[in-house]
Every structure is written in C-alpha cells, then in structure tokens.
Amino acid sequence: MELRANTIKRLKKDYGNWALVTGATSGIGKALATQLSKAGFNLVITGRREPLLHSISTDLFDRYGTETIPISGDLSEQKSVENLLKETAHLPIGIVILNAGFGTSGKLIDADIKDELNMLDLNCKTLLLMSHHYANKMRNDSRKGSIVLLSSMVAFQAVPNAANYAASKAYVQSLGEALHRELKPEKIDVLCASPGPVASGFSERANMKMGKSLTPDEIARPILKAIGKRNTVLPGRLTKFLVYNLRIMPRSLKIRIMEKVMSGFTKHQRQA
Ligand SMILES: NC(=O)c1ccc[n+]([C@@H]2O[C@H](COP(=O)([O-])OP(=O)(O)OC[C@H]3O[C@@H](n4cnc5c(N)ncnc54)[C@H](OP(=O)(O)O)[C@@H]3O)[C@@H](O)[C@H]2O)c1
C-alpha cells in the first residue's frame, strides 16, 4: 500500500526530505525505506550486510531517483554508532526511524547470556544513544523533527518465553511515550510503532515460529501516516485486534495468555 499524496506533502512540509532508517536490509525497515524513497525522500539506510545494503541503495536510486546513502555497521557496537552519527552530521535529516533490532525466545535460564546482553545493547542502549543525539541535532533545526521507535505489541505486558525481548520493548515503549511529551516543546514528534507478528527475518533470528502475521508492506504505511499525529501506532488490523483484546484484561491474565502464545511460537524448540 502506497502513502497518500496528502501524507507525503505533510511529511515533507514538516520534516523536510531527508530520512534515516536503521535496519533497512530486510523486513519492516526495508519496507519503510522503500515507501519513503517512493515518496521522494532522500535516505540514509543502515544494516550489517554491506553488499545487500549497497544493492538496496542502488535499487532504490534506480527505481525512484532519490539519493540513498548506505552506511553499514553493527549498531550493537558503539564505534559503529559513532561512525553513523559522524557520517550523518552534515545531513538535514528530519525523520529518524530507529528500527534495527532483534528478538530472542525460550527460557532465559537456558539462553546464552551474551546474546541477551547484545540484544539490550542494540534494542535499548543504541536506541537511547541515537534518540538523544538526533533529538539534540533536531532541536537546533528551524523545522520540525520526528523520531520513530520500533517497539512491539509485547511491550505492553511481560511475556514468559521471550522475557528479555519483551522487557527490551517495554523499555522502548516507555521511553518513547515519555519523550513524546518531553520533546513536544522542542518541535520533535516521537512515535512508538508497536506491531504484532510481522513476516520478516525476525522470527528466524528469534527462533520463533509465529502463526498469522502481517507483511512489512502492510504496516509501513500506517507507521509513516501516524508520524506527528500521536505517541503510538498499532499498525494493521491484526495488531489492533490483539492489543485491544489484551488491553481490557487484568495484568496477570495478560501475562498468562502471552505465555501460552509464546509457548506455541517456541514449541519446536522443546521438540528438537
Ligand atoms: N517481525 C515482527 O514480528 C516484529 C514485531 C514487532 C516489532 N518488531 C521489531 O521491528 C524491528 C525490525 O524487525 P524486522 O521484523 O523487520 O526484522 P528483520 O527482518 O530481521 O530486520 C532487522 C533489521 O535490523 C538489522 N539489524 C539487526 N541486527 C543489527 C545489528 N546488530 N546492527 C545493525 N543492524 C542490525 C538487520 O540488518 P542486518 O542483518 O543487515 O544487520 C535488518 O535490516 C525490530 O526492532 C523488531 O524488534 C518486529
């Protein structure tokens, strides 16, 4: 689904025509970058897979003629983050989408703690560092800025069998909702994008077998459309259905339901 002309006009008027999307080599980030490029935004895109990142950049330029700068690196490492901040310092980036992230699953006690800490570095520490940096950069701009944080529907309650991943997204959601208020006077719009299951590279890396999922394309448009409108978007009907149904339940019941859901997503691990 494409962005409507009035949304494109509003986004460009408010935030200019440069955007940064982290984690644009697959899934949600790639779909967001494609939509933005198609809408005429120049882009900085990131990912660890350098050849893939460069081919996506070339493809976007060939298809839509917008400038696309690929900056590769592992964003769980501070030196790569610092390099990205340095390389983008001169660019008038008005929309920053902090999408790069991954999940883990299974019982935490059995996990490799290095993976769990690495996930916190990427999902939380880097996201904090980059939010702080770009908010300060945008504060000095004459026009508005926008920061989009990729949260998740798992952010709204604890999730046994994905305990640390859900906790990392609870951090993102809480940070984003607070920054939405704190940065409003600075003319910076913060949005938490909190999808349910999406078919992407996510499930393989998280070792989850998810059931019904949305496609990245289905959620890209509602996310971009919600920029500057509210603090959280639940993109897609499936996400809304799942989150609204859970919302009315007591917290302890929500946790038990999510435990059952995640137990289904990780059943194959116990059968192996
Ligand atoms: N899929 C879902 O069901 C779902 C639901 C809710 C929220 N989310 C969130 O949505 C975001 C995007 O996930 P996705 O579903 O699109 O998964 P994906 O297809 O696996 O994409 C993840 C992106 O992040 C990049 N990335 C991963 N680790 C990185 C690292 N250490 N340094 C730099 N880049 C890294 C990947 O690029 P490289 O591999 O090239 O580094 C890739 O472009 C994540 O924050 C995820 O938690 C996903």
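The values are calculated or read from the model by the stated rules, or taken from the named source; none is laboratory data. These numbers were taken from a predicted model, which means no experiment stands behind them. A quick note on method: Cβ atoms are made from the backbone with ideal geometry, for glycine too, and the neighbour counts reach across all protein chains shown. The area values use the complete protein model at the heavy-atom level, side chains included, leaving out ligands, DNA and RNA. Shrake-Rupley method; radii C 1.70, N 1.55, O 1.52, S 1.80 Å.
Filter the stretch 102-114 down to residues that are farther than 21 Å from Pro197 by Cβ and within 16 Å of the ligand (Cβ to nearest atom) and give me whichever is nearest to the chain's Cα centre (by Cα).
This residue is Lys114.
Quickly run through the stretch 10-54 and pick out the residues that are of a type in the set (S, T, N, Q), open to solvent by 10 Å² or more (accessible area, probe 1.4 Å) and part of a helix (DSSP H, G or I).
Scanning the stretch 10-54 gives Thr34, Gln35.
Can you name the residue in the stretch 115-162 that is of a type in the set (Asp, Glu) and under 19 Å from Val96 (Cβ atoms) and, of all such residues, is farthest from the ligand (Cβ to nearest atom)?
Of everything passing the filter in the stretch 115-162, Asp141 is farthest from the ligand (Cβ to nearest atom).
Name the single residue, out of those in the stretch 110-142 being modelled with pLDDT of 95 or more and part of a loop (DSSP other than H, G, I, E, B), that is surrounded by the fewest Cβ atoms within 10 Å (Cβ to Cβ).
Asp112
Which of the residues that make up the stretch 55-82 are part of a loop (DSSP other than H, G, I, E, B) and either within 15 Å of Met130 (Cα to Cα) or without any contact (Cβ under 8 Å) to a residue 24 or more places away in the chain (or both)?
Of everything in the stretch 55-82, those that are part of a loop (DSSP other than H, G, I, E, B) and either within 15 Å of Met130 (Cα to Cα) or without any contact (Cβ under 8 Å) to a residue 24 or more places away in the chain (or both) turn out to be Gly65, Gly73, Asp74, Leu75, Ser76, Glu77.
Please verify whether the stretch 163-176 includes one or more residues that are touching a residue at least 12 places away in the same chain (Cβ under 8 Å) and outside any helix (DSSP H, G or I).
no
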